[in-house]
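A short reminder: the numbers here are calculations on the coordinates, not readings from a lab. As the structure is a computational prediction, the values presented were derived from the model and not from experiment. Counting neighbours? That spans all protein chains shown, and the Cβs are built from the backbone with ideal geometry, glycine included.
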Protein chains: 2
Amino acid sequence: MALIVQKYGGTSVGSIERIRSVARRVIESHLQGHQMVVVLSAMAGQTDGLIRLAREMTEDPDPRELDVLMATGEQISVALFAMAVKSMGYDACSLLGFQVGIYTDDLYGKARIQQIKKERILKELEKNRIVTVAGFQGLDDHGDITTLGRGGSDTTAVALAAAMKADVCEIYTDVDGVYTTDPHVCPKARKLNLISYDEMLEMASLGAKVLEIRSVEFAKKYNVPIHVRSTFSNERGTMVVEETRDMEKVLVSGVAFNKNEARVTIRKVPDRPGIAFRIFEPVFESGIVVDMILQNTSEDGLTDLTFTVPKADFYKTMKLVSDTAQKIGAEKVLGDENIAKVSIIGVGMRTHAGVASRMFEILAKENINIMMISTSEIKISCVIEEKYTELAVRVLHEAFGLDVEPQKS
Amino acid sequence: MALIVQKYGGTSVGSIERIRSVARRVIESHLQGHQMVVVLSAMAGQTDGLIRLAREMTEDPDPRELDVLMATGEQISVALFAMAVKSMGYDACSLLGFQVGIYTDDLYGKARIQQIKKERILKELEKNRIVTVAGFQGLDDHGDITTLGRGGSDTTAVALAAAMKADVCEIYTDVDGVYTTDPHVCPKARKLNLISYDEMLEMASLGAKVLEIRSVEFAKKYNVPIHVRSTFSNERGTMVVEETRDMEKVLVSGVAFNKNEARVTIRKVPDRPGIAFRIFEPVFESGIVVDMILQNTSEDGLTDLTFTVPKADFYKTMKLVSDTAQKIGAEKVLGDENIAKVSIIGVGMRTHAGVASRMFEILAKENINIMMISTSEIKISCVIEEKYTELAVRVLHEAFGLDVEPQKS
C-alpha cells in the first residue's frame, strides 16, 4: 500500500465528464489499496473568467481580495470531484487550503508555502476516504486566503507529498511526459523515462511548460519523486528524481529553446565603475526581468554591453536604455527582436569536458551565427537568429544522440 | 456613530455595476461616521448556476460537498465588493464564514447558527475598514463549510447584528418595505412603517417573501431592529421591531394570501384512536409538509378529515392517502387544487374580540364560501375557492381600514 499524491490540471478537470473520468481513474488506484490525495486546479477557463470579472470591476484589483476571488475556482473543482466519487459509491472528502492547514506567507498572488499540517488529511485517509485538496491556495498568519500564483497547484501537490512523505507525486497533464525537446519542432523528440531535478529546473526555466518551476525546487529540496504523465492515457510518463550515477553517462538530456526574448546592445559605453548600475537600475526599477548579460572587454576605455529581456518589455527597455545611453555618452543603442535562445541541458556536462565546443561546432557547420553564449554547470545556451531556431534544435538533437533511446548499461 | 449591519440580496449585487452602486451607498454611510458591516448574497443567477453544475454531476449531490460548492457564490460577491470599495479609495476587507467564526451545527444545506465570534470583525472595524461578510455560510465543529439554506444571508445579517449588538440591521431588497398586502393584487396596499416581529413571522409564513422567516425569529429572540428597504431608492422602508402598545390599537396590520396549497378530504373515516396517525404517517414519512388539519365531530362513529399540502405534493399525497383510506375502510378521498388561503394578521387581535366574525361577515357579503378556518393569537386564515382570492384580499383590506394611513395617537 502506497500513499500517492496526484495532481490534475485545468484541462483534466475541464468539464463534468472529465471530472468523472478523473474520479474513475482515482478510484482505480484506491481499489489497488493505495491511499489517495488528489490535488485539483480550477476547471479550464474558470481562472480566466474570474480574472475578467475582477478587471471589469477595477483595473487594479486589490491583491488580497483577488486571492479570495481566485480561490473559488479550485473550491468548485474539489467539491464536484468529491461529489463524483461519492456518486460512484466510494467515500471522499474535499478540503480547502484553510481546512488542511496549508500555511503561506502573505504575498498575495504569489505566496510561498511555509508549513503544511497533515493531521486533517491523515484523519480522512484513516476513514478510507479519497481526499481531494484545492490546489493553488493557502492561508497566511492573519487567517487570510492566499494563492500561490499560476501553476501553483503543482506546488501544492509536491508540498503535500513532501509533508505527508508520500511515495510518489503524480502530476497529470495533457502531455504524456517530459520530452528531449519540443516534438512539434523535432519529430524525433523522445519521451524521457528519467530526468534529474536540476535538469528539469533548467528545462522549465528555458521554456518547457510541463512543470511549474517552484514545484520542482520543492521536490528537489524534499526529495519527492515526481511522475509526470498524461490524464488521457495509462502510459508511464517521466520520473523526475534525484540525480543518479547512471544519468551522468548521458551527455545531453534535452534541447530547449525560447523565442520570447529580445536583445539590446549598447555600443561604446565609457567603461568606468558604476556604469552597469546606471544602465540597469532604471530597467530593474520598472520590474523588467533581464536574462543574459554580456560585457565585452574594454578597448580604448570603451566597451559594448548586450543583454536580453522579454519581448513584451522590448520597447520599454529600448526607451529606458536610450535615455541612459545619452546621459552617459555611449555611442548608440541597437535592438533585435528576431532572436532565439537554444540550450542543451544535461547533468553529464558536470563530468564531461568539451560539450560546449561540440555545440559551437555543430551550429557552425550549419552556418548558424552565435550572438551570445551563457553557461551553467549543466546547460549551455546560445542566442542565435530566430529563423534558425528549428534547424538548430534538430541538428543538436541528432548530434547529441537524442534521436535514439540510450542503451541500458 | 452607529454600528450598522446591512444585507444586500442577489439582485442588488447582480452585476459589476450594481456591486459598484452598493459600494457607493455603503461608503456614504461610512462617511457619515458609521461602522459598516455588509453581508452579501451570491450574485443573482450564480446560485442556480452552481446547483445546475452539481446536478449535472449527479442527481443526488453529497450535501457536504454541495455546501462547499454553494459557498463560492458569496465568496465571489464579497471579494468583488471589497475590490470596488478599495478602488474608490476607501479601505475594506472581505471575510468568509470561517474567518469571522460563524459556527453552525452540521446540517448541511440548512445549518443553524450556534455562535458568532466578533473579534475579527471588531479588529477590522477598528482599522476604519468597511467589513463585508459572505452571507449564507458557516463552519461546523469539524471545521467543515455549511450553508444556511435559501435566504440564509438574511439570517447571517441578523445574527451578526445580534452578536455585535448593532444599532440596526438593514435588509436591502428589490421592494421598498413590507406592505399591508401584495400591491399587485390590491393597488391600495400601503407600505407599513412599523410591524412587530410576530406579525412579520405570520406574514412571512403566509407567503410574503420579503424576509426569510428564520431571520425574523432570530431578530425577535435577540431584539434586533430590522429595517427592510429598497436598494434602488433612499426612501425609509419598514421597521420590524418589538411589539409596542401603539401597535395594539391597529386591529389588522396586513392581509396575506397563499395560492400554493391544495386540499385533501377523506370522507367517513371510522373514528377510532390512532386513525389520524395511520393517515398522516405515510405523508409525513414522504417529507410532505401538512399545513392546516381539520377534523369534524364524529357522527355515527364516522368523521371527515381535511388538510392542506403544497400543490407540488398534491398528487403524491392523494396516492398515499387513497391507499390508507382503502385499508382503514374510509368512504372516499376528495381533492381540490383550486383553493387559496387568505389571512388577516395583527397583534391588535390579542386585545380585541370579534375580529374573526368580522372577517367571516365580510367574506359572506361577497358570497365567498369558507372551506376551512384556522386561527392563532394574531391571525385568522380562511381557505376559499382560488378564483375569489383577489376579491377577498381587496374587500378585507378595505373593510379593516388598511387603505388609509392610521392616525397618530
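Tabulated data
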{"item": "For B:P282, label point 7 Å along C-beta direction: distances to other copies, nm", "result": "8.8"}
{"item": "Ranked A:T181, A:T132, criterion: other C-beta atoms within 10 Å, fewest first", "result": "A:T181, A:T132"}
{"item": "Spatial separation of Cα centroids for region A:218-241 and region A:281-332, in angstrom", "result": "40"}
{"item": "Per the axis that maps chain B onto chain A, nearest residue of B (Cβ criterion) and its distance in Å", "result": "B:T72, 2"}
{"item": "Amide H partners (placed H, <5 Å) of A:D91, local residues excluded", "result": "A:I130"}
{"item": "When the convex hull of its Cα atoms is projected in every direction, mean area for region B:88-231 (nm²)", "result": "9.8"}
{"item": "On Cα atoms only, tilt of B:63-87 relative to the major axis of chain B in degrees", "result": "40"}
{"item": "Environment charge at A:A163 (Cβ cut-off 13 Å; Lys +1, Arg +1, Asp -1, Glu -1)", "result": "+4"}
{"item": "Hull shadow area, averaged, chain B [alpha-carbon convex hull, nm²]", "result": "22.7"}
{"item": "Summed residue charge, Cβ within 10 Å of B:I4's Cβ, Lys/Arg positive, Asp/Glu negative", "result": "-2"}
{"item": "Neighbourhood net charge (9 Å Cβ-Cβ; Lys/Arg +1, Asp/Glu -1) for B:I378", "result": "-2"}
{"item": "Cleavage-rule hits, trypsin sites (Lys or Arg not before Pro), region A:316-386, DSSP coil, Cβ neighbours within 10 Å at most 11", "result": "none"}
{"item": "Sequence of B:Y103, A:Y315 once ranked by neighbouring C-beta atoms within 10 Å, starting from the fewest", "result": "A:Y315, B:Y103"}
{"item": "Most mobile listed residue (A:I102, A:I279, A:I113) in chain A, GNM with C-alpha springs under 10 Å", "result": "A:I279"}
{"item": "For A:49-60, mean number of other protein chain Cβ atoms within 10 Å", "result": "4"}
{"item": "Partners for B:K319 among aspartates and glutamates (Cα-Cα distance below 19 Å; same-chain residues under 8 apart left out)", "result": "B:E261, B:E281, B:E285, B:D291, B:D304, B:E331, B:D336, B:E337"}
{"item": "Extreme residue, positive dipole direction of chain B, given options B:Y108, B:V241, B:Q326 (C-beta unit charges)", "result": "B:V241"}
{"item": "Distant-in-sequence amide H partners of B:V224 (H built 1.01 Å from N, under 5 Å)", "result": "none"}
{"item": "Overall dimensions of region A:170-245 by Cα: Rg and Dmax, Å", "result": "11.7, 35"}
{"item": "Residue among A:G33, A:G149, A:G14 with the largest mean-square fluctuation in a Gaussian network model of chain A, springs linking Cα atoms under 10 Å", "result": "A:G33"}
{"item": "Shortest-first distances to equivalent copies, position A:M88, nm, label 7 Å out along Cβ", "result": "4.8"}
{"item": "Degrees, to the nearest 10: A:389-399 long Cα axis against longest axis of chain A", "result": "80"}
{"item": "For the protein assembly as shown: Kirkwood Rh in Å [reciprocal of mean 1/r, alpha carbons]", "result": "31.6"}
{"item": "Nm distances between copies for B:A364, ranked from closest, using label points 7 Å along Cα→Cβ", "result": "11.8"}
{"item": "In region A:359-409, GluC sites (Glu not before Pro) in a DSSP loop with at most 16 other beta-carbon atoms within 10 Å", "result": "A:E366, A:E377"}
{"item": "Number of partner chain Cβ atoms within 10 Å, mean per residue of B:144-151", "result": "1"}
{"item": "Neighbour cut-off at most 16 other Cβ (10 Å), DSSP loop, chymotrypsin sites (Phe, Trp or Tyr not before Pro), region A:181-270", "result": "A:F232"}
{"item": "Mean projected area (nm²) of the alpha-carbon convex hull when region A:244-409 is viewed from all directions", "result": "11.3"}
{"item": "For region B:302-316, 3J(HN,Hα) per residue [Karplus equation, 6.51 cos²θ - 1.76 cosθ + 1.60, θ = phi - 60°, Hz, x = Gly/Pro]", "result": "10, 9, 10, 10, 10, 8, 10, 9, x, 3, 4, 9, 4, 5, 4"}
{"item": "In order through region B:338-351: 3J(HN,Hα) via Karplus (6.51 cos²θ - 1.76 cosθ + 1.60), integer Hz, x for Gly, Pro", "result": "8, 10, 9, 10, 10, 10, 10, 10, x, 5, x, 4, 4, 10"}
{"item": "Listed residue pairs exceeding 20 Å between alpha carbons, taken from A:K259/A:K311; A:K110/B:K118; A:K316/A:K379; B:K249/B:K379", "result": "A:K110/B:K118; A:K316/A:K379"}
{"item": "All Cα pairs of region B:3-174, percent lying beyond 26 Å", "result": "23"}
{"item": "Per-residue average of Cβ from other chains inside 10 Å of A:69-76", "result": "5"}
{"item": "Most fluctuating residue given options B:E124, B:E17, B:E170, as computed from a GNM of chain B linking Cα atoms under 10 Å", "result": "B:E17"}
{"item": "For region A:240-247, 3J(HN,Hα) per residue [Karplus equation, 6.51 cos²θ - 1.76 cosθ + 1.60, θ = phi - 60°, Hz, x = Gly/Pro]", "result": "9, 9, 5, 4, 10, 4, 4, 4"}
{"item": "222 nm mean residue ellipticity, helices alone, for chain A (DSSP H n ≥ 4; -39,500 (n - 2.57); rounded to 500)", "result": "-11000 deg cm²/dmol"}
